[in-house]
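Read through the structure below, which is laid out as structure tokens, and then see the notes.
Rule-based calculations on the coordinates, nothing more; no lab input. Predicted model, so just to flag it, every value in this text is computed and none were measured. Cβ: placed from backbone, ideal geometry, glycine included. Neighbour counts: every protein chain shown.
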Amino acid sequence: MKNLLQLSTLSKEEIMDILNDAIKMSQGEGLDSCKDKIVANLFFEPSTRTQYSFNVAEEKLGCKVISFNAAASSLQKGESFYDTVKTFESFGIDAVVIRSRQDEYYKELVGRISIPILNAGDGVKDHPTQSLLDLLTIYQEYGKFEGLKIAIVGDIKHSRVAHTNIEVMERLGMTCYISGPEEYRDDEYTYIPFDQAVEEMDILMLLRVQHERHEKEMSLSKEEYHARYGLTMERVHKMKEHAIIMHPAPFNRMVEIADDVVECDKSRIFKQVNNGVYVRMAVIRRAFGG
């Protein structure tokens, strides 16, 4: 069995193996290769893209899928997180996909749960499959990582996508910058003014402001945010010819991204969504030793 908890624990070679497997799966390989497996998707936090692309990936692999509804579960009666997961293991399922608001929730499970754990996002720490699909999108576009420059723009402080991406992208030879409002910066990373990033980066990755993780309201109005840090078509026209736009979604139109930018020629946002299915197929099959 192979857990997927943090990309930081995988070598560059292991990461490339997953990406190459995902490419093969996008070409039709691996369908129904896990027909005898049952996978439970345990989402303790709302999700659309991650939850349902895992679901589609499992279906394509031939798995039987159990989708957990936290609001209708015994969590409402006081059952613990651990006991909930242990219950699903006791049902005889073969793997769990878990998203939780708790940072590093898996530390409570490793060594006590004997089936593969696939991390679908923990708190503000890690989102390994999102980073893998981002890497796949970049690799398809450029055929490399070395030497590419990316700016991740927005609510860096509360973003597990930013934290996971910067670590792995720098290991793969990319140069990473952050941009956005001062209140959402992380001083660990190199800041670049947004309009400079627009003109100089190979990849602009936009993030939504994660209001649900904030203790106080954003100091900027939505209109002010859009004026200062929103990607508009006027700014798109200043990007390098080969540069692309990415966003892990959900996106807030007319805040960090203008309506007409979402599906413009430089946007790879829905390509990322599509790639998420194949990356998740690859990590599920890897969990079962494939």
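To make sure I understand the rule: partners must be lysines, Cα under 17 Å from the Cα of residue 157, and not fewer than 8 residues away in the same chain. Which ones qualify?
Cross-link targets: 125, 216.
Can you tell which of 123, 78, 62 shows the greatest fluctuation in a Gaussian network model of the chain with Cα springs below 10 Å?
Maximum among the listed residues: 78.
Take every DSSP beta bridge with both residues inside the chain and express the antiparallel ones as a percent of the total, to the nearest 5.
Numbers: 1 of 32 bridges.
Here the antiparallel bridges make up roughly 5 percent for the chain.
Given N residues in the chain, what is Rg(Cα) / (2.2 N^0.38 Å)?
Cα Rg divided by the expected 2.2 N^0.38 Å: 1.00.
Considering only DSSP states other than H, G, I, E and B, which GluC sites (Glu not before Pro) in region 111-185 qualify as loop sites with at most 12 other Cβ atoms within 10 Å?
Sparse-neighbourhood loop GluC sites (Glu not before Pro): 146.
So, with +1 on the Cβ of K and R and -1 on the Cβ of D and E, and no other charges, what is the size of the charge dipole of the chain about its Cα centre, to the nearest 20 debye?
780
Within region 1-36, which trypsin sites (Lys or Arg not before Pro) sit in a loop by DSSP and count at most 11 neighbouring Cβ atoms inside 10 Å?
35
Taking the Cα atoms of region 128-268 alone, what are Rg (to one decimal) and Dmax (as a whole number) in Å?
13.9, 42
Suppose the Debye formula is applied to equal point scatterers at every Cα of region 55-163; what is log10 I(q)/I(0) at q = 0.19 Å⁻¹?
-1.12
Of 37/271; 2/35; 2/64, which ones are farther than 23 Å apart at the Cα?
37/271
Which ordering of 195, 155 is given by a fewest-first count of other beta-carbon atoms within 10 Å?
Arranged by neighbour count, lowest to highest, 195, 155 become 195, 155.
Roughly how tilted is helix 269-287, in degrees to the nearest 10 and between 0 and 90, from the longest Cα axis of the chain?
Taking the Cα atoms of the chain, the angle to 269-287 is about 30 degrees.
With +1 on the Cβ of every Lys and Arg and -1 on the Cβ of every Asp and Glu, and nothing else charged, how large is the dipole of region 128-268 about its Cα centre, in debye rounded to the nearest 20?
240
Can you put 203, 192 in order, fewest other beta carbons within 10 Å first? The partial results should precede the final answer.
Working: 203 26, 192 18.
In increasing order of surrounding Cβ atoms, one gets 192, 203.
Treating the angle as unsigned and between 0 and 90°, give the value, to the nearest 10°, between the Cα long axis of helix 160-171 and the longest Cα principal axis of the chain.
80
Going by how many other Cβ atoms sit within 10 Å of their own, how do 285, 185 line up, fewest first?
Ascending number of Cβ neighbours within 10 Å: 185, 285.
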